[in-house]
Amino acid sequence: MPLIEAERVALRYGGPAGTLALEDFSLTVEPGEFTALVGPSGCGKSSFLKIVAGLHPISAGIARLHGVPIDGPQHGIGMAFQNATLLPWRTTLENVLLPLEVSRDHRATFRRKRREHEARAMALLRTVGLAEFRDHAPYQLSGGMQQRANLCRALVHEPEILLLDEPFAALDAFTREELWGVLQDLWLERRFTVVLVTHDLREAVFLADRIHVVSQRPGRIVKSRVVDLPRPRTLATTFEPAFVDIVHELRDEISRVRRA
């Protein structure tokens, strides 16, 4: 059974006369799969993440998680966005621990299990190279370091699904490419399910198992492409002909979509 299913989903903002963001939108995501959504700006990619998280009801069609219709906010989901949004009055470690303090599944036992939770958070910080910055405030971290901490915060409660909305878009090219490797390493180690929204086609091909191209608004899937490149992928992979061919194939499809 697919973990995430969308069957002919429509999503409209602002009532019957409002903006139709998605229409006839269908896809599936298998457990442990790394999926990417690419397409023109404003085509509804981020709206699909809201549907999966249960943050916005659909207008038509069916959206399921574990075969069950999504009818409200979902548990077992981590989210990371373009801006790290770390709380400025908390240290790196305290920011990473935040989901365990506030989530319904952990808040009742947080104080009693704090040492256990801190050990879990520190294991993530070590994985992304931030262990020595555990007591730093966000302003003492670079943009890339803040986004590393943001990823740790999204994963500390061991979610089954990680939703990523252009998480590296605000970073410089060198930092962005470095974090591709960090995210790939985390995913290879833990095999959570990922849905990534990105405008960077190289990022999508580097990270994803399957890439879906979304049409102009109202968004629908117009092409799905399996990325059958071996893992782990490195920056050297991005210069290989097979990698470059997939990037050009996706770019050509998006150019076609934008002209339609």
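We did not get these values from a lab; they are worked out from the coordinates using the rules stated. Everything numeric in this text was worked out from a predicted model, so none of it was measured. For neighbour counting, all protein chains shown are included, and Cβ atoms are generated from backbone atoms with ideal geometry for every residue, glycine included.
Just round it to a whole percent: the fraction of Cα-Cα distances in region 1-110 exceeding 21 Å.
Looking at region 1-110, the distances longer than 21 Å represent 47 percent of pairs.
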Could you work out how much longer the chain between SER255 and ARG107 gets when fully extended? Use 0.36 nm per residue separation minus the Cα distance between them, nm to one decimal.
48.6 nm
Per the rule of 0.36 nm per residue minus the C-alpha distance, extending ARG190 to ARG126 adds in nm 21.6 nm
Please report the base-10 log of the normalised intensity I(q)/I(0) for region 127-174, using a Debye sum with one equal scatterer per alpha carbon and no solvent, at each q in 0.19, 0.20, 0.24 (1/Å).
-0.69, -0.76, -1.01
Phi-derived 3J(HN,Hα) across region 13-29 with the Karplus relation (6.51, -1.76, 1.60, θ = phi - 60°), rounded Hz, x for Gly and Pro, is 9, x, x, x, 9, x, 7, 8, 7, 10, 8, 6, 8, 9, 6, 10, 10
Could you let me know the centre-to-centre spacing of region 33-101 and region 136-193, using Cα atoms, in angstrom?
14
For the chain, which span is the longest to avoid every loop-located (per DSSP) member of trypsin sites (Lys or Arg not before Pro) having at most 15 other Cβ atoms inside 10 Å?
1-89
Do any chymotrypsin sites (Phe, Trp or Tyr not before Pro) in region 52-139 lie in a DSSP loop with no more than 16 other beta carbon atoms within 10 Å, and if so, which?
TRP89, PHE110
q = 0.12 Å⁻¹: log10 I(q)/I(0) that the Debye formula gives for region 90-225, counting C-alpha atoms only:
-0.53
Kirkwood hydrodynamic radius, computed over distinct alpha-carbon pairs, for the chain: how many Å, to one decimal?
19.1
ALA137 neighbourhood, Cβ < 12 Å, K/R = +1, D/E = -1, net charge 0
So what's the back-of-envelope 222 nm ellipticity for the chain, counting only DSSP H runs of four-plus at -39500 (n - 2.57) apiece and dividing by all residues, rounded to 500?
-11000 deg cm²/dmol
Counting only Cα, what are the radius of gyration and maximum Cα-Cα distance Dmax of region 85-159, in Å?
11.4, 33
